Structures are given as structure tokens and as C-alpha cells.
1. Name every residue in the stretch A:221-234 that is of a type outside the set (Asp, Glu) and exposed (fewer than 11 other Cβ atoms within 10 Å of the Cβ), in order of residue number.
2. Just to be sure, is residue A:170 out of contact with any helix residue (DSSP H, G or I) (no Cβ under 6 Å at 6 or more places or on another chain), without any contact (Cβ under 8 Å) to a residue 40 or more places away in the chain, surrounded by fewer than 16 Cβ atoms within 10 Å (Cβ to Cβ) and outside any strand (DSSP E or B)?
3. Are there any helices (runs of 4 or more DSSP H) wholly within the stretch A:1-118 with 1 or more residues that are farther than 30 Å from residue A:171 by Cα and modelled with pLDDT of 80 or more, and if so which?
4. What number of residues in the stretch B:65-82 are assigned to a helix (DSSP H, G or I) and surrounded by 15 or more Cβ atoms within 10 Å (Cβ to Cβ)?
5. Return the only residue of B:89, B:32 being under 29 Å from residue B:122 (Cα atoms) and crowded, with 17+ Cβ neighbours inside 10 Å.
6. Is it the case that the stretch B:53-60 has a residue that's in a helix (DSSP H, G or I) and within 15 Å of residue B:133 (Cβ to Cβ)?
7. Within the bounds of the stretch A:292-301, is there any residue that is of a type in the set (Phe, Trp, Tyr) and touching a strand residue (DSSP E or B) at 6+ places or on another chain (Cβ under 6 Å)?
8. Could you grab me the full set of residues in the stretch B:84-127 that are at pLDDT 90 or above and among the acidic types (Asp, Glu)?
Amino acid sequence: MRSRLFLKIFASYLFLVALVLGVLEFVMTPAIRETITEGIKDKLVAQGRLLAALPFAEIPAHVERAALSKETRLTLIDATGRVLLDTGSREAMENHLNRPEVQEARLKGVGTASRYSRTMREDMLYVAVTATEGGAVRGYVRLAKPLTAVREAVEHLYGSIYLTLFVVSLPAVLLAFLFARNITGPVRRLADFTRRLRDGERPASLMMDSQDEFGQLAANINAILEELDARWQAAAEERARLAAAFDAMEEGVLELDALDRIARLNRGLKTILKGRYADIVGKTPMEAFRNTTLQDAIEEFRRTKIPLRREITFGVGNGTVLDVHITSYRASPDSEEKVMMVFHDVTRLKTLERIRADFIANVTHELRTPLTAVLGYLETIRSSPPGEVDLRDRFLRVVEDHARRLSRLVDDLLILVNLDTGDFPIHPEAVAVSEILPDLLPPLAQRAAEKGLALENAFPPDTPPIRADRDRLVQVLLNCLDNAVKFTSEGRITIRALTDRREGFVTVRIEDTGPGIPAADLPRLGERFYRVDKARSRELGGTGLGLSIVKHLMRVQGGEMEIESTPGAGTAVNLHFPKA
Amino acid sequence: MEERRHTSRAYERELQEVKENLLYLGALTEKAISRGIQALLERNSELAREIIEGDGAIDRLDREIEERCIRLLALRQPAARDLRFITTAIKINGHLERIGDMVVKICEKVLLLNEEPQLKPYIDLPRMAEIARGMVKESLDALVGEDLALANKVRGDDEIVDRLNEQIFRELLTFMMEDPRTIHRALLIMQISKTLERISDHAKGMADMIVYMITGRNVRHETADTET
């Protein structure tokens, strides 16, 4: 199918050709007809005059010799209008005086008329010439010729004209075709090119060989495309950079659309939400989170338009605590305002805050209990009778016990404070644990034996050395073994080595057959003053800081403490040290 | 034409507002249940009192939602889906409000229980409370996501809560027979258990309505396992 443009151009050419034909037909034809008719008439008038110049009575005799053409009809009419002779008809004819050509001839000498002849049954051209003799009208010579000749002549002429036109219009149409194709070709290429652009393709530049307007147009389009490419590239870079930042940031970002539905969120938010809220895009915040605090905050922001900050909790109980900042932005001054929320996970911060608050409360409590006892006993001693030496000694021993506990507590706290501030010198070296144990174990073994426990050294002497600070290592081992002895009432305590627990680490494992620790308490064991069995721990003289110190000391030495326990069966403390 | 489009947009917004309000009420109720359970398990009288005071907000929102629904019905004459949604909203609204009242009842019992030493460590009660809370949460999730499967799951969970309730009854009965001094506390715990069971009934009622909203089929008073 040819293009519409091609059809339009081609059709207008055809129309032009047809118009030329029409003009020729309707303007030229009457002129041509007249000229031919005029020629015939002149000829007839001349012949008529010749005949009329003869003496009237002799005219019939000269008719034969007048060399009239076959179609020419001669009528001789006398002055009264009686037809004397007619070459066209032998019948008697009516009076012809009232014929227009005769009337005209009577007045002017020559008359012409063109009309349908009932006698000849044809359109005829009549010419009448007055024949005079000595100034008196004797009659009229009328010559008539059928107009068929004129028609034939015109038709003949038409034939030539049509032929010419046909011959001329053939190349004209061909030219029209070529021209139309010449124009529609580039236009079609342009259309194709722009359509591909619209469809998102980026074709190579538009090629036009012509130097005319189409060539300029193509050059302009190419220039625009290059400019667009550059801008697109810049925009894409900018977008990629923003997207990377958007996704890389730890904070969660959530954007609402104009209908207050969630338009997009970043990876940070997905991490924060931990997959708890699936498919939230397209939902309203209420549908997505069903959190009244968040909803109240959003509504407040909408009312006041002042960016605000709120703390919200997602999930049940001690769920994720989020600090949410609500603000809005406009892409341009006319565009809709979009609400944007930035979420910051402060769960850890909150936990730390709680631990610190607990710590201070605990320290106060831990310090006050022995102090109260010390003060109480001292008062009793002072008010007791001087003779009661035994009682005083016993009380003094209690005071001393409590004072020692206070001292231990302060020592432990000092260690923790130093660990916290980083003001704690560590001198790592290669240490063979099996060489330390013989000095370390006897006092503990003795205490274990007093409780009826066995302390077994199952540490193989050929265990590879570890990298640790010798003094801190001793402290860690002492703390753990002391705990084991303290909390185990029957059975045994075993110290062994594991080399396959962790790649690149040697594990010193201290097992006991004590009461074990409930699974729920395991993660909190390293917390300061956290005690599984509060009453019992204090009774045994613990400060509640031992494991916390072990955990920290392990960490500063590049190792880690890990506790496994089965309630009712026993506990194992794994101390992972890096290999030397 | 412009006028009509405007009207329909306003109508859409009104429907969405009803939904948002309903979810807000749901969130309040959910929170009340969670905190009620916390007050019960931690023997926290202060928290219990706070929840009892907070019920006023639930009641106010309940009335507001009901008024909005009735106005929508009267002025917009909704049909088909919208009509089902509004009927469902009215019903769920009622259920949520009742659940709020029940949490208040539980908290009142908690206050009484806290005046006496703890009878025994709770084992089934927290499980039951957790399931009941989960049912309320999941029926609201089903409402948001138009999740037929989830709604049917909630309808099935009611069964579990019923059984736990019976178990708690039997256990407390033995306590009371062994030691008459425990009767007062045991009765309070029984009432709490019963109230939790009623909460789960309401959650099931909400799930029934959600099934109706999605499918147009009324499944109330059918058991969940007759579902295909």
C-alpha cells in the first residue's frame, strides 16, 4: 500500500492534468467551433454573392456550374418568397420570405442563420444573399450547409487534442509518480525513525543524502539526539548514583505517592523490617504496618507540614525500635508534595541504654548490700559489751568477708572500666596452655576436693600453642574454673582442648556437671550483673561480673567465649583462642 | 461527567478512610491484647490500669467508624463489593470493640490476681493468649490482603484455643480440689482463659466476615474444616 502522502501528491497531479483537459474542452471548444463555422459561412456568402450577381433569371442555369459541394443546398427564392428552385428537395415548398436569413438579407443584403431544417432534418447553416437587378430586388439566393461538417471538424480537432493530452499526460503522471516518491521517501524514513525513537529504540543517526530541507531536518534531528543522549547519560548517572546511595544507606527510606500509598522503599528498610512486612508497595502505611504511633505521626505531619521525629516500635513485645523522621519534598514547584520517611533502627541503642541503666542500678545495689552489712555489724560490735571477744571476732570476720567482697567488686569494675575505655595493655605472645595449667590448677583442685568434686586435667600437652596475653589468659581460666567449681555441687570439672571447633583457633573447653543454664538466659550471660540464679550467686560470693570480664578479655585477645548448656546435665564454656 | 468522576473519587476516598480507621482500631486492639498479656504475665498492675484507661479511645473510634459506615450506606447507596465491604466493616468494627472490652475485663482480673501471690507459673495461658492475639492480627492481615486462605486459617485456629481453654479448666479444677485456698485465684484465671477464648471467637467472627467480603458467601456458623 502506498502512503497517504504519496496518494495525495499523485492525485493532485492527476487532477491538474484533468483540469487542463477540462479547460481546453470548455474554453477552447466554442472558439474553435465559431472559427470553423465562420469559415464555412464566409465561403457560403462568397458563393451566394457570385450567384446573386448573375441576372436573376439565369441563376438556375448556373447552378450546375456553381461547383457547389455535395452537402451544399441551394434555394432560389423570388422577391415574394416563393421558392423557385431547391437542390435539396423536389417537393413544393412553402413561402420562405419569413425565414430569418431571408429577412436579414432583405434588410442588409446578406443574412445568416443556423437552425434545424425540417426539410433536411438536420442542423443547418443558412446564408441568404439578395439578388438585385437594376436596384430592384428580384429574389434571394440561399445557400445552406449542414453543420455536420462543423461537428466533424471539431471532433477531428478534439481527436488531435485528446491524443496530444494523452501523450503529454503520460510523462506528467510519470513525473508525478517520481516526484511523489521523492518526497514521500524521506518523509517516510523520518516517520520510521521517529517511531523507533518513540518505541524506546535508539537507532543510529538519521541518514539523508539530500542537501535540501530534508537534509537539514535530518541534521537537526541528529544534533538533538546527540544532545539528548548526553543529557540522558548524565541523568542516568545521577540516578544510578542516587539509587546506589538509596540502597546502600543503612537507614530505611520509604516514599509515599500522591494517594498516600507506599511508592518505594530501599533495601535498608527491608533489612530493618526483616521481611516481616511483605509486599508493602502499593499499600497505605496503615495497611502495611498497622502501627498507630506511625499513623499518628503521619497525620500530624500532614496537619502541620513540619518535619517531625518519632520513636516507634514494630512487632510484639521488645520488637524493633525505630526512630522515624517524616518529611516531604516536591520534584518541582508545581508537582504534588510527596511524603518521605526515614527509619533508623535504634533497637541496639535502646538495648544498650537499658543495659547501662540496669548497670548503674546494679552497681549501686551491689555496693550497698555489703556496705549495709559492714555498717550493721560494726554498729553491733561497738554497742556490744567489751568482754564478748568471741562474738566480736565472729562479727569482725563477717565484716572482713563483706569488705573483701566489696574490694573484689571494685577490682572487677575497674577491669571492666579499663576494658571499656580501651585503657588496658595487652601483650599477646605464643603460650602453651598445658604449661600454665600445673601452676593454676592445684588451689582450685583443693577447693573442688573440699566440695567432693573431681577436677580433671584432660588438656593434651601436644596441643598447639595459642596467641594470648599470659596474665589475661590466667585470669580468664581462673574465672571460668572458679565458676565451674562454685556452681557444681556434684560430679566433675574437666578441662580439655578442641582443635577442630573453629578454623585457625584452639578451643579451651571447661565442662562441668552443674545445674546447667536455661536456653533463654544464654544470650544474656555476658551482661554485667546478669545472674541466672540471683540469690545463689550472691550467696557464693560472686560479683556478677566474672563472665562479663571473661567475655571482654576474650574479645580483646582476638578470641571469643561461647557457652553451651543443657539444664540438668551441665555447662561447657568454650574459649576460642587464635592459634599462635 | 466531571461532576460524576469527582463524586466517585470522593466516594473511593471515603471507603478508604473507613478501611484506614478500621485498621487503626485493629492496631489499637492488637496492641491492647499484647499489652494485656504482658500485664498478666509480668504481673504488672500499672500497665493493666493503663490499658483499662486506654479503652476509651477504642470505644470512640468504634462509634466514629459506625457513623461513617452508616453515612456511606445512606448517601452513596453502595452495591456489590462495596456494600459487602461496608457490611463487613460494621461487623468487624463491632468485634474489635468487643475484643477491646474483653481486654479490659482481663486487666481487671489481673489487678485482682496481683493482690495475691502467683498461683502457678503459666504454661498454657500464654500460648492461648498468643494464639488469640495472632488470630486478631491475622484476620486484620487477611482484611488488608483480601487473603482467603489466611482468613480460613484463622477460622481453624479457634478450635485450638477452645481446646486450650478446656485444658486450663481441667488443670485449675485439680488445683481447687487440692487446696480450697486457691479457689479465688483459680476462678480468676479461669475467667481470663474464658475471656481469651471469647476473643478468639470474635477473631473467628471477623475472619467469617472477611470470607464473606471476598467471596460473597456467608460461612458463619460453619466450621472451618467444611471449607473446600
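The values are calculated or read from the model by the stated rules, or taken from the named source; none is laboratory data. Note that the structure is a prediction, hence the values are computed from the model and not measured. Note that we place each Cβ from the backbone using ideal geometry, even for glycine, and neighbour counts take in every protein chain shown.
1. A:224, A:230, A:231, A:233, A:234, listed by residue number.
2. Judged against the criteria, residue A:170 is a match.
3. Working: elements: A:4-23, A:29-52, A:59-63, A:100-108.
Fully inside the stretch A:1-118 and qualifying: A:29-52, A:100-108.
4. 8
5. It is B:32.
6. No, the stretch B:53-60 contains no residue that is in a helix (DSSP H, G or I) and within 15 Å of residue B:133 (Cβ to Cβ).
7. Looking for residues that are of a type in the set (Phe, Trp, Tyr) and touching a strand residue (DSSP E or B) at 6+ places or on another chain (Cβ under 6 Å), one finds at least one in the stretch A:292-301, hence yes.
8. Across the stretch B:84-127, the qualifying residues are B:97, B:101, B:108.
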